[in-house]
Amino acid sequence: MITVYATKEDYKKYGSSSLNDNEIEKYLELSSIDINRATLTRIEKRGFNNLTEQQRDLIIKATCMQADYIKDEGIYDDDSIESYSVGGDLTVNEKESIDIADKLNISKLAFFYLKRTGLTNRIL
């Protein structure tokens, strides 16, 4: 079961209100998946309720912003692979990405909040 990090009330407080009441839960669930992935599943591993109050607050805000981003940008396929070849050796070429938010296909503002939690560091 997917843990959803924000409620409808949170979305109405922090989101842009571009989602109607019937869409909010769906987009918050999709957003929570992206947010957890952006933190290398550290939220799931540690448990949302085991995080500090500040971390939870930042994750809630990021989740609401990501929900708006998904609504605006649409559901996406991971297109980070530019090309691949299978022959004598397997070769995979990834597209160049200016920053990690682009690579993760996550809102830059949402990622800004996530960075402040300390859970996005690639090396801990």
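Just so it is clear, none of the values below were taken in a lab; they were calculated from the coordinates. Because the structure is predicted, anything quoted here is derived from the model rather than measured. Here the Cβ is made from the backbone with ideal geometry for all residues, glycine too, and neighbour counts use every protein chain on show.
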Reachable lysines from Lys13, Cα under 23 Å, same-chain residues fewer than 8 places away excluded?
Lys26, Lys61, Lys71, Lys108, Lys115
With a Förster radius of 22 Å, plug the Cβ-Cβ distance of Phe112 and Arg46 into 1/(1 + (r/R0)^6) and report the FRET value to the nearest 0.05.
0.60
